[in-house]
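Written out below as structure tokens is the structure these notes cover.
The values are calculated or read from the model by the stated rules, or taken from the named source; none is laboratory data. What you see is a predicted model, and the numbers here were worked out from it, not measured in a lab. With ideal geometry, Cβ positions are generated from the backbone for all residues, glycine too; neighbour counts draw on all protein chains shown.
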Amino acid sequence: MKQILSIFLLATALVISGCASTTMGGATGSDRSQFLLISSNAVNAGAAQAYKKQLSSASTSGALNTDSGYTDRVKAIAKRLIAQVGIFRPDALSWQWEVNVISSDEINAYCMPGGKIAVYTGIISRLKLTDDELAAVVGHEMSHALREHSREQISQQMASQTLISLGSSLLGLGSIGSDIASSVSKYVLTLPFSRTMETEADIMGMELMARAGYDPTAAPAVWRKMVTLGGNASPEILSTHPSDSTRIANLEQHLPQVMPLYEKARASPKN
């Protein structure tokens, strides 16, 4: 009983010490309390190093910013989106944002912690993205960085490993117990948060693009295009991403909140 109590007290201490929100809510309420144990500086430093390595690899293979048309489009769109991040977190306006395009058929894009963006030409060409749809993709990826989802995932992993190690030791389960506990942690803790993070990035990204003067109806349109690509869809309950139908429904549900922002942005002389 004392051993179980020790584990419970440690878990409680970890949760209490690590709860905060990385962003203000904006119009869509993107301010869920997050579990954060590691510092932003540590995560951002690691991301900058990883991003540099990715760019170096792309440059060596001749794939970095080789298409000026795509590169100019992505950078112009990102610039407008970055100008709006202050609504969620003013400090992000002073991040060392970087935007690059990698020539590859891969359907991919990402924004590492601290604002390190990369967009693959495959997602633009294979989905035939309009500027509004491209803004939805980039806005989604930027939202992961603004919400510090990577930092949150690392914190979850740190807490999980600490509890698994302590629990196995106290209960005498050994390595087998650790393996079982790890699997339970994965499906009970990690996956639900990961789906939540994806949904947050969808909704927050849609607000970001609307504030930048891009039509938010393009966000669900991107996922409709994704559906047409086909492929084997995993059951949603075992996936780290919402299903396409759930994703589209969630985005459409929030359109009334962001359409006035888009209309206001479009009425502004700068757009």
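Please verify whether Y51 is farther than 30 Å from P256 by Cα, buried (at least 17 other Cβ atoms within 10 Å of the Cβ), in contact with a helix residue (DSSP H, G or I) (Cβ under 6 Å, 6 or more places away or on another chain) and in contact (Cβ under 8 Å) with a residue 40 or more places away in the chain, treating the condition exactly as stated. Criteria not met by Y51. Of the residues M197, M226, M206, the single one that is modelled with pLDDT of 95 or more, out of contact with any strand residue (DSSP E or B) (no Cβ under 9 Å at 6 or more places or on another chain) and either outside any helix (DSSP H, G or I) or not acidic (D, E) (or both) is M206. What's the number of the only condition in (1) touching an Asp or Glu at 6+ places or on another chain (Cβ under 6 Å); (2) at pLDDT below 75; (3) more than 23 Å from F35 (Cβ to Cβ) that L171 fails to meet? Only one criterion in (1) touching an Asp or Glu at 6+ places or on another chain (Cβ under 6 Å); (2) at pLDDT below 75; (3) more than 23 Å from F35 (Cβ to Cβ) is unmet by L171, namely (1).
Does the stretch 116-123 contain any residue that is buried (at least 20 other Cβ atoms within 10 Å of the Cβ) and part of a helix (DSSP H, G or I)?
Checked the stretch 116-123: at least one residue is buried (at least 20 other Cβ atoms within 10 Å of the Cβ) and part of a helix (DSSP H, G or I).
State which residue is surrounded by the fewest Cβ atoms within 10 Å (Cβ to Cβ) when the search covers only the stretch 66-88 and only residues that are of a type in the set (G, A, S) and within 18 Å of the chain's Cα centre (by Cα). Checked the stretch 66-88; the qualifying residue surrounded by the fewest Cβ atoms within 10 Å (Cβ to Cβ) is G86.
Of the residues that sit in the stretch 89-115 and are touching a residue at least 60 places away in the same chain (Cβ under 8 Å) and assigned to a loop (DSSP other than H, G, I, E, B), which one is surrounded by the most Cβ atoms within 10 Å (Cβ to Cβ)? Per the stated criteria, the residue is P113.
Within the stretch 62-88, track down each residue that is in contact (Cβ under 8 Å) with a residue 60 or more places away in the chain and not in a helix (DSSP H, G or I). Let's see the steps before the verdict.
Applying the first criterion (in contact (Cβ under 8 Å) with a residue 60 or more places away in the chain) to the stretch 62-88 yields 73-74, 77-78, 80-85, 87-88.
Hits for the stretch 62-88 are A83, Q84, F88.
Sub-7 Å Cβ pairs linking a first residue in the stretch 242-271 that is more than 19 Å from T228 (Cα to Cα) to a second residue that is β-branched (V, I, T) and part of a loop (DSSP other than H, G, I, E, B), at least 6 apart or interchain, are H254/T28; L255/T217; Q257/T28; V258/T28, ordered by first then second residue. For the stretch 49-73, the set of residues classified as in contact with an Asp or Glu (Cβ under 9 Å, 6 or more places away or on another chain) and of a type outside the set (D, E, K, R) consists of Y51, L55, listed by residue number.
Filtering L55, L9, L5, L36 for residues that are more than 30 Å from E252 (Cβ to Cβ), at pLDDT 90 or above and of a type outside the set (K, R) leaves a single hit, L55.
The lone criterion from (1) surrounded by fewer than 17 Cβ atoms within 10 Å (Cβ to Cβ); (2) modelled with pLDDT under 95; (3) in contact with a Leu (Cβ under 7 Å, 6 or more places away or on another chain) left unmet by L163 is number (1). Among residues of the stretch 244-258 being closer than 13 Å to T217 by Cβ and touching a helix residue (DSSP H, G or I) at 6+ places or on another chain (Cβ under 7 Å), the one that is modelled with the lowest pLDDT is I248.
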